[in-house]
């Protein structure tokens, strides 16, 4: 589906930044124009992680956004977003962990109002975001 994105132009020292008017709080960046589509797709997938494609709003018509004064220093672009990549269907895993670690995970999750699966998913997201 095509979504309007606003590109804040970069230069030799800074990347191009992308704002998604339809997805508040979602941002992407890329050093060159050729890298923008992949960065946009990745940002949208991360933004809607755990929510599913049904949570993604319909795109706002570009002519509605183009007259907004907050968008004055960059350029508009229509970006193809593959909503089929936003899949949050649970997958059952069979993993092996030391019993004492599982006990610690469960205790931590309970103290923080989470489940074991929720805790492990969040820990994995945080670990991947650091790299």
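The values are calculated or read from the model by the stated rules, or taken from the named source; none is laboratory data. What you see is a predicted model, and the numbers here were worked out from it, not measured in a lab. Neighbour counts are summed over all protein chains in view; Cβ atoms, including those assigned to glycine, are modelled from backbone coordinates with ideal geometry.
Of everything listed in (1) surrounded by 10 or more Cβ atoms within 10 Å (Cβ to Cβ); (2) not assigned by TED's automatic domain parsing to the domain that holds residue 8, the single unmet condition for residue 93 is (1). The criterion of being without any contact (Cβ under 8 Å) to a residue 60 or more places away in the chain and loosely packed, with under 10 Cβ neighbours inside 10 Å does not hold for residue 117.
Please work out if residue 49 is in contact with a strand residue (DSSP E or B) (Cβ under 8 Å, 6 or more places away or on another chain), in contact (Cβ under 8 Å) with a residue 40 or more places away in the chain and surrounded by 11 or more Cβ atoms within 10 Å (Cβ to Cβ). Break it down into steps so the answer makes sense when it comes.
On the way: in contact with a strand residue (DSSP E or B) (Cβ under 8 Å, 6 or more places away or on another chain): no; in contact (Cβ under 8 Å) with a residue 40 or more places away in the chain: yes; surrounded by 11 or more Cβ atoms within 10 Å (Cβ to Cβ): yes.
When the stated conditions are applied, residue 49 does not pass them.
Considering (1) surrounded by 10 or more Cβ atoms within 10 Å (Cβ to Cβ); (2) closer than 30 Å to residue 8 by Cα; (3) without any contact (Cβ under 8 Å) to a residue 12 or more places away in the chain, the lone condition that residue 128 does not fulfil carries the number (1).
Number of residues in the range 96-114 that are surrounded by 13 or more Cβ atoms within 10 Å (Cβ to Cβ) and in a loop (DSSP other than H, G, I, E, B): the value is 1. Annotation note: of 72, 79, 66, the sole residue that is without any contact (Cβ under 8 Å) to a residue 12 or more places away in the chain, in the same structural domain as residue 16 (by TED's automatic domain parsing), under 24 Å from residue 33 (Cβ atoms) and in contact with a strand residue (DSSP E or B) (Cβ under 7 Å, 6 or more places away or on another chain) is 66.
So which of 70, 41, 54 ends up being modelled with pLDDT under 90 and closer than 25 Å to residue 124 by Cα? Before you say what the answer is, go through the steps one by one.
Numbers: 70 fails: closer than 25 Å to residue 124 by Cα; 41 fails: modelled with pLDDT under 90.
None of the others qualify; the one that does is 54.
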